[in-house]
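Nothing in this text is a laboratory measurement; each read-out follows from the coordinates by a stated rule. Worth saying up front: this structure is predicted, and the values here are computed from it rather than measured. Note: ideal-geometry Cβ built from the backbone for every residue, glycine included; neighbour counts use all protein chains shown.
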Amino acid sequence: MSALSLFNYWAVIGLMMLGYYCVIVRGNMVKKIIGLGIFQTSVFILFISAGKVLGGSTPILREGVSVYSNPLPHVLILTAIVVGVATTAVGLALAVRIQEAFGSINDDDLDQLGQEDEP
Amino acid sequence: MVLLVLLLVVGTAVVLTRDLLKATMLFAIYSLTIAGLFVILDAGDVALTEAAVGAGISTILILATLALVPAREHRQRGHNRPALLIVFITGAALVYAVSDLPEFGSADNPVHQHVGPYFIEQTYPDMGIPNMVAAVLASYRSIDTMGEAIVILTAGIAVFALLSVPPRRRQRAPDAKTRGRDEG
Amino acid sequence: MKDNSILVIVARFLIPLVMLFGLYVQFHGEYSPGGGFQAGVLFAAAWILFVLIYGLETGLRVIPLRVIYSLGCLGVLLYCAVGLMGVILGGRFLDYQPLLASPQAAQQAGIILVEFGVGVTVASVVMMIFLQFARRRAQSQAAGLELDQEQDRS
């Protein structure tokens with residue numbers, strides 16, 4: 001049973017590696033930003049799983065509940081989600097500008113243009 | 001649990017598909033499934049934020065970008081073996097590191113020992129409001145929230161600085177040899 | 001899209017409902033899950049739905065551009081002003097104790113003001129980011145940059 005209790009964390013590692021692969025291998029910039037989003041959300045699952053108490057409930061005080069889950073990871077992840085969307089917005093604006101300036105957002109086209117510059 | 005397996009399947013589909021519109025829609029499904037997972041893990045505030053932000057705002061921004069850039073990805077030639085090797089090695093190292101973590105959900109984990117019980121017990125006598133997460137966010141740790149509001153304002157200013165000037169003629173274009181390559 | 005009658009009827013019902021729900025989440029954030037960020041994003045999502053159906057010019061007539069710009073900065077300024085109020089009245093930065101007489105009421109007042117500031121900033125920044133993206137297509141077509149469709153999508 002002790003191996004199965006870590007299943008959450010293994011799934012998180014799987015998702016994290018999927019996002020990592022997407023960021024380093026795929027050449028399209030919008031795909032990279034989507035991969036970064038997958039990576040970020042997998043880290044959120046890690047923190048929230050660490051804060052859960054079995055048999056507890058949502059950390060809002062109410063009648064009939066005596067055990068609560070830890071509220072501190074929830075606070076950290078709230079901030080992290082908003083920062084994540086801020087990063088995504090700036091990344092997408094950069095992709096739009098690159099498309100307008102160079103005509104493409106794929107790595108191989110941009111490499112081609114970079115090689116043409118060198119004498 | 002079942003939701004995590006579903007997330008892995010949807011995540012693989014997002015990475016493997018080459019049509020960006022399909023990837024965006026699958027990403028919206030992924031975000032909404034994560035919001036459901038957060039509800040099961042007793043995180044109400046976080047589930048609400050992830051559903052609104054991930055499945056709402058992130059998706060609409062990517063769709064707005066796809067109206068401005070071409071929506072297909074170039075075909076990759078062959079598999080990138082060094083990258084797969086790096087990903088496997090990193091994953092194996094992380095699995096080895098995770099085996100040291102305490103059991104999932106047990107109430108005497110070190111995480112729940114120091115500050116957690118203080119917040120749970122002291123929120124009502126100090127502030128009189130039931131929502132512990134809002135109390136911690138706005139009063140006990142309010143400088144962090146101020147920093148976060150400033151971060152989102154900075155992101156707005158950055159997008160404004162990038163996109164407020166109307167576009168001029170394109171400076172250069174990729175040549176026909178690149179563009180004519182087989183897309184499949 | 002305002003010729004599509006199904007969309008118009010559903011939107012006419014949904015948009016005020018979503019805005020009202022956003023305000024509810026903002027001010028009820030102390031008793032139920034909610035707070036500043038969720039409320040800001042909900043309010044901005046309602047405005048984005050309005051723009052998607054009725055067009056960007058109509059959306060900008062409802063909430064003008066200058067209002068969006070200034071509300072974004074005013075939210076953060078409200079947050080910092082609450083913090084400085086704590087310093088002026090004798091405590092530390094972002095200390096809510098000196099604001100009102102009873103300690104619990106002071107904390108609640110501080111929390112409501114601070115969350116309102118965050119909500120206003122998040123709503124206006126999300127609206128502004130969306131309208132920057134939405135205006136870009138018309139501007140790039142006007143400048144003559146054709147969109148490169150590398151192949152037809154089947």
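Would you work out the charge dipole size for the protein assembly as shown about its Cα centre, treating the Cβ of every Lys and Arg as +1 and the Cβ of every Asp and Glu as -1, and quote it to the nearest 20 debye?
Numbers: 29 positive and 33 negative charges, 234 e Å.
Roughly 1120 debye, rounded to the nearest 20.
Which shape class, rounded, prolate or oblate, goes with segment C:5-140 when its Cα gyration tensor gives a ≥ b ≥ c as root eigenvalues, a/c under 1.5 marks rounded, and past that a/b bigger than b/c marks prolate? Don't skip to the answer; put the middle values down first.
Details: a/c = 3.95, a/b = 1.91, b/c = 2.07.
Oblate shape, in that a/c is at least 1.5 and b/c is the bigger or equal ratio.
Shape call for the protein assembly as shown from the C-alpha gyration tensor, a ≥ b ≥ c root eigenvalues: rounded (a/c under 1.5), prolate (a/b greater than b/c) or oblate? Before the final figure, lay out each step's value.
Details: a/c = 2.04, a/b = 1.30, b/c = 1.56.
Oblate.
Could you pull out which residues in segment C:45-69 have an amide N less than 15 Å from a spot 7 Å beyond the Cα of C:Phe21, following the Cα-Cβ vector? Output list for this probe position: C:45-50. When peptides A:91-103, C:62-74 are sorted by average Cβ neighbour count within 10 Å, with the highest value leading, the order is A:91-103, C:62-74.
Along segment C:132-140 the Karplus relation, 6.51 cos²θ - 1.76 cosθ + 1.60 evaluated at θ = phi - 60°, assigns HN-Hα couplings of 5, 5, 6, 7, 5, 5, 5, 5, 6 Hz to successive residues, with x for each Gly and Pro.
Sequence-distant contacts, meaning Cα pairs under 8 Å at least 6 residues apart, place the relative contact order of chain B at 14 percent. Within chain B, the whole DSSP H helices whose Cα atoms reach 18 Å or more along their own axis and whose mean Kyte-Doolittle score is at least -1.0 are B:2-16, B:20-40, B:81-98, B:142-163. Between the alpha-carbon centres of segment C:22-83 and segment A:97-119 there is a gap of 38 Å.
Could you sort the peptides C:10-20, A:105-115 by per-residue average Cβ neighbour count (10 Å cutoff), highest mean leading?
A:105-115, C:10-20
Relative contact order of segment B:1-73: 34 percent, from C-alpha pairs under 8 Å at least 6 residues apart in sequence.
For B:Leu94 and B:Thr17, the FRET efficiency from 1/(1 + (r/R0)^6), where r spans their Cβ atoms and R0 equals 25 Å, is about 0.45. Averaged over residues, the count of other Cβ atoms within 10 Å places the peptides A:75-88, C:85-98 in the sequence A:75-88, C:85-98, highest first.
Rounded to whole numbers, the Karplus 3J(HN,Hα) couplings from phi for segment C:38-49 are 4, 5, x, 5, 5, 5, 5, 5, 5, 5, 5, 4 Hz, using 6.51 cos²θ - 1.76 cosθ + 1.60 with θ = phi - 60°, and x at Gly and Pro.
The H on the amide N of A:Tyr68, modeled in the peptide plane, is under 5 Å from the matching H of A:Ser57, each at least 5 residues off or on a different chain.
Name the shape class, rounded, prolate or oblate, that the alpha-carbon gyration tensor gives for segment B:108-164, where a ≥ b ≥ c are the square roots of its eigenvalues, rounded holds for a/c under 1.5, and otherwise prolate holds if a/b is larger than b/c and oblate otherwise.
prolate
Averaging sequence separations of C-alpha pairs under 8 Å and six or more residues apart, then dividing by the length of segment C:1-112, give the relative contact order as a whole percent. Display every interim value, and only then the final one.
Details: 90 pairs, mean separation 17.8, N = 112.
About 16 percent, as a whole number.
Legend: mean number of C-beta atoms from other chains within 10 angstrom of residue C-beta atoms, peptide C:76-84, equals 2.
Cβ crowding within 10 Å ranks A:Ser57, B:Ser99 as B:Ser99, A:Ser57, fewest other Cβ atoms first. The distance separating the Cα centre of segment A:53-89 from that of segment C:113-140 comes to 26 Å. Ranking A:Pro71, A:Trp10, A:Gly103 by how far each Cα lies toward the positive end of the dipole of chain A (charges on Cβ) leaves A:Pro71 at the top.
What does the structure give for B:110-119 when I average, per residue, the other chain Cβ atoms found within 10 Å of the residue Cβ?
Details: counts 0, 8, 9, 1, 1, 3, 9, 2, 1, 6.
That average works out to 4.
Counting, for every residue in A:34-45, the Cβ atoms of other protein chains within 10 Å of its Cβ and taking the mean gives 5.
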